[in-house]
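Here's the structure, in structure tokens; my notes come after.
The values are calculated or read from the model by the stated rules, or taken from the named source; none is laboratory data. Given the structure is predicted, the values throughout are model-derived calculations rather than measurements. Counting neighbours? That spans all protein chains shown, and the Cβs are built from the backbone with ideal geometry, glycine included.
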Amino acid sequence: MILPQLLWRFAKHRDDPVFYAMQATDAIRWLQSSGVKLGPGVKALDLGCGHGVFGGELRKLGCEVVFADETNYLLPQHRDAPFLSVNLDRDALDGLGRYDLVICSNVMEHLAEPRQFLKRADGMLTPGGRLYLSWTNWLSPWGGHEFSPLHYLGPRLGPAIFDRLAKKRFHHPGKNLFITHIGRTLGWIREDARLEVEAMAPRYYTEFGLLMRLPGLREFLAWNCALLLRRR
């Protein structure tokens with residue numbers, strides 16, 4: 001369980017590159033334990049890459065990594081890698097190419113149209129390719145991001161109270177933070193049938209994957225939902 005280490009790191013250093021590298025290496029461990037082969041010959045896309053920390057960890061394993069985001073914020077050590085500019089709500093995804101593994105880490109809660117993204121995601125995958133999808137679901141303890149736990153008061157009242165406390169807020173519900181639910185997302189995947197779920201777990205304590213099979217409760221008990229999806 002990596003959650004205690006993440007909380008300690010965040011309290012001491014906030015969300016620095018080491019904080020995200022800890023998340024990435026733990027997620028890679030889970031992917032490998034779920035049967036995903038990583039290393040030379042594997043073509044991967046770090047989609048919504050931010051500073052490129054997750055993709056950077058894949059590069060260390062020998063994967064051929066392409067980074068993609070709306071703006072290039074890659075750390076200097078990743079600037080030699082290919083970068084593609086894309087807005088996941090507006091742009092077509094077929095121009096990004098096809099990959100054995102697509103990483104979409106902590107992105108979906110920031111998409112205005114997550115269902116449309118899932119409908120198009122198979123087009124980025126080679127036959128049998130995998131999509132690693134993780135996001136902070138709204139009802140989790142961190143669902144409101146920096147204004148948590150006030151998000152439990154609702155997407156309007158919670159942020160309004162936070163603002164009255166004179167705190168600086170980066171995330172704004174309905175603009176760059178959207179309400180997401182695990183059950184609803186799984187329903188979209190089942191309805192579309194282009195992708196199938198191979199594995200799912202609470203991202204920061206994957207040892208308790210059974211929690212993801214508890215409808216309702218999983219929305220509160222999972223700080224972050226991790227899904228491993230395979231193209232049918």
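Summary table below
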| read-out | value |
| --- | --- |
| The stretch 175-186, residues that are over 13 Å from residue 219 (Cβ atoms) and either free of Cβ contacts under 8 Å to residues at least 24 places away in the same chain or part of a strand (DSSP E or B) (or both) | 175, 177 |
| Strands (runs of 3 or more DSSP E) fully within the stretch 1-97 counting 3 or more residues that are more than 27 Å from residue 206 (Cα to Cα) and free of Cβ contacts under 8 Å to residues at least 40 places away in the same chain | 83-85 |
| Breaking point among (1) at pLDDT below 95; (2) under 16 Å from the mean Cα position of the chain (by Cα); (3) assigned to a loop (DSSP other than H, G, I, E, B), for residue 170 | (2) |
| Residues located in the stretch 100-130, provided they are part of a strand (DSSP E or B) and either over 19 Å from residue 70 (Cβ atoms) or among the basic types (Lys, Arg) (or both) | 100, 101, 125, 126, 127, 128, 129, 130 |
| Subset of the stretch 27-44 [over 11 Å from residue 65 (Cα atoms) and small (Gly, Ala, Ser)] | 27, 33, 34, 35 |
| Lone unmet requirement of (1) farther than 26 Å from residue 102 by Cβ; (2) in the same structural domain as residue 105 (by TED's automatic domain parsing); (3) basic (Lys, Arg) for residue 130 | (1) |
| Close pairs (9 angstrom Cβ cut-off, 6 or more residues apart or separate chains): closer than 12 Å to residue 173 by Cβ in the stretch 135-157, hydroxyl-bearing (Ser, Thr, Tyr) and outside any loop (DSSP other than H, G, I, E, B) anywhere | 143/152; 144/152 |
